[in-house]
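**Student:** One structure follows; several queries about it will come next.
The values are calculated or read from the model by the stated rules, or taken from the named source; none is laboratory data. For clarity, every value in this text was computed on a predicted model and none was experimentally measured. A quick note on method: Cβ atoms are made from the backbone with ideal geometry, for glycine too, and the neighbour counts reach across all protein chains shown. Side chains are part of the model used for accessible areas, which takes the heavy atoms of the whole protein and leaves out ligands, DNA and RNA. Shrake-Rupley method; radii C 1.70, N 1.55, O 1.52, S 1.80 Å.
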Amino acid sequence: MLLMPKRDWQWGYSETHGVLSVSLGDDMEFLSPYKLKSLIPDAKETMEFSVEHAKFYIDLVDRLSKTLPLTDALLVQIALNATAAHFLLKPQMPKSWFFNTSHQCVYSEVGKLVQLSTSEHTALAMVIESGLQASLVMIMSIECRLTDSKTLGQFETIKVMHDRLAPLSSSTQQQIHAA
């Protein structure tokens, strides 16, 4: 069942789980992967899931449902995490040095799926915030190994310069699975 925003949806910080959550009413709570250290100060307090948040969420659900064959549950999980990251994560500086420069230019826009390549592997990512020179992307693959000791998990974010964004290959599209 595809969840659509309602008036009683609220952001909050779950002390029990140590992550940002969304109360979806009817005793349902969605837990994001985002811990306190990565959140803006306002995210520690209960706040409404605003009209702006709802529009971003709905636009993303619409775009992804037309782009990828996803289950409703996975579509909701991706869209809620992307909405949380877009509105409630602290700003980041680009960390492009982890990724290879792309040989093709990719137009960056919110909701676009892209590929990021390191010297050893390729990961699927989605643009959740696009700036003039860099984009904040959310990792869609199960993991993205940056170095021998540093790995980003599914739904974690990283900001990269646009010249690191590559178009999708057919094998990269197969990498989306529920966390």
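**Student:** Restricting attention to region 105-117, which residues are among the small types (Gly, Ala, Ser) and open to solvent by less than 10 Å² (accessible area, probe 1.4 Å)?
**Tutor:** 111
**Student:** Given the residues 108, 141, 169, which is the only one that is over 18 Å from residue 86 (Cβ atoms) and modelled with pLDDT under 90?
**Tutor:** 169
**Student:** Could you identify the single residue in 95, 55, 44 that is basic (Lys, Arg) and free of Cβ contacts under 8 Å to residues at least 24 places away in the same chain?
**Tutor:** 55
**Student:** When region 107-158 is examined, which residues are found to be in a loop (DSSP other than H, G, I, E, B), acidic (Asp, Glu) and without any contact (Cβ under 8 Å) to a residue 24 or more places away in the chain?
**Tutor:** Selection gives 109, 148.
**Student:** For region 92-110, does any single residue satisfy the condition of being more than 15 Å from the chain's Cα centre (by Cα) and charged (D, E, K, R)? Break it down stepwise before answering.
**Tutor:** Step one: list which residues in region 92-110 are more than 15 Å from the chain's Cα centre (by Cα), which gives 93-107.
Now narrow it down to the ones that are charged (D, E, K, R): 95.
Within region 92-110, one or more residues are more than 15 Å from the chain's Cα centre (by Cα) and charged (D, E, K, R).
**Student:** I would also like to ask the following. Going by the structure shown, is residue 76 within 25 Å of residue 146 (Cα to Cα), open to solvent by less than 20 Å² (accessible area, probe 1.4 Å) and not polar (S, T, N, Q)? Before you say what the answer is, go through the steps one by one.
**Tutor:** Values: within 25 Å of residue 146 (Cα to Cα): no; open to solvent by less than 20 Å² (accessible area, probe 1.4 Å): yes; not polar (S, T, N, Q): yes.
No: the conditions fail for residue 76.
**Student:** Name, by its number, the condition in (1) more than 30 Å from residue 169 (Cβ to Cβ); (2) within 18 Å of the chain's Cα centre (by Cα); (3) of a type in the set (Ser, Thr, Tyr) that does not hold for residue 38.
**Tutor:** (1)
**Student:** For region 17-24, indicate whether the set of residues that are out of contact with any helix residue (DSSP H, G or I) (no Cβ under 7 Å at 6 or more places or on another chain), open to solvent by 50 Å² or more (accessible area, probe 1.4 Å) and β-branched (Val, Ile, Thr) is non-empty.
**Tutor:** no
**Student:** Let me ask you something else. Scan 74, 70 and give me the residue that is part of a loop (DSSP other than H, G, I, E, B), in contact (Cβ under 8 Å) with a residue 60 or more places away in the chain and not polar (S, T, N, Q).
**Tutor:** The unique qualifying residue is 70.
**Student:** Oh, and also: What number of residues within region 131-152 are open to solvent by less than 50 Å² (accessible area, probe 1.4 Å) and of a type outside the set (Val, Ile, Thr)?
**Tutor:** Qualifying residue count for the region: 10.
For every residue, the table says whether it meets (1) open to solvent by 50 Å² or more (accessible area, probe 1.4 Å); (2) at pLDDT below 95; (3) in contact with a Phe, Trp or Tyr (Cβ under 8 Å, 6 or more places away or on another chain).
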{"position": "36", "(1), (2), (3)": "yes, yes, yes"}
{"position": "52", "(1), (2), (3)": "yes, no, yes"}
{"position": "66", "(1), (2), (3)": "yes, yes, no"}
{"position": "119", "(1), (2), (3)": "yes, yes, no"}
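**Student:** Give the residues of region 84-104 that are assigned to a loop (DSSP other than H, G, I, E, B) and either farther than 18 Å from residue 168 by Cα or open to solvent by 20 Å² or more (accessible area, probe 1.4 Å) (or both), sorted by residue number.
**Tutor:** Residues satisfying the conditions are 90, 91, 92, 93, 94, 95, 100, 101, 102, 103, 104.
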